[in-house]
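In what follows, a structure is listed as structure tokens, so that the remarks can point back to it.
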Amino acid sequence: MLRRTYGAPTVVVTTTTYNDNGVTTGVPYSYVVRAVDAAFNVSPDSNEVGATPTPQQVAVTFSVTVPAGTPVSSTVYIVGNQAAFCNWCDPHTISLTLSAPNTWSRIFTFTQGTNLE
């Protein structure tokens, strides 16, 4: 397990939560807290807490601009290598929605790091 160690704080902490954005998914980390008072006295370490980052779900918007003159009654499909796209199925069944003139779009949710084709 990796232990994240940081230098003395440079700002006053006014929250009881912390987000560590410099971690690697799947690697366990542990954390402790130390307090420093106005006289620079440092407290003992707090109890150690461990966590392992997991991939997050990410909303991805696909927008397709179609040629001018495409009838608004048309259906525009998306295909690809993910189940959300029907895994390259034929006939293509995942349609987009008209969202602006000549633009069809749809929001899909994927796990962070998913490769899309």
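Sort Glu117, Glu48 so that the residue with the fewest other Cβ atoms within 10 Å of its own Cβ comes first and the one with the most comes last.
Glu117, Glu48
Can you tell which of Val60, Val76, Val36 shows the greatest fluctuation in a Gaussian network model of the chain with Cα springs below 10 Å?
Looking only at Val60, Val76, Val36, the largest GNM fluctuation is found for Val36.
What are the chymotrypsin sites (Phe, Trp or Tyr not before Pro) within region 28-93 that DSSP puts in a loop, where the Cβ has at most 14 other Cβ atoms within 10 Å? Numbers along the way, then the final one.
Numbers: sites: Tyr29, Tyr31, Phe40, Phe62, Tyr77, Phe85, Trp88; in loops: Phe40, Trp88.
Those that pass, being in a loop and sparsely packed, are Phe40, Trp88.
What size of dipole, in debye to the nearest 20, comes out for the chain about its Cα centre when the only charges are +1 on Lys and Arg C-beta atoms and -1 on Asp and Glu C-beta atoms? Walk me through the intermediate numbers first.
Numbers: 4 positive and 6 negative charges, 18 e Å.
Computed about the Cα centre, the dipole is about 80 debye.
Quick note: the coordinates plus some simple rules give every number you see, no bench work behind them. Computed from a predicted structure; not experimentally measured. Don't worry about glycine lacking a Cβ; one is built from the backbone with ideal geometry, like all the others, and counts go over all protein chains shown.
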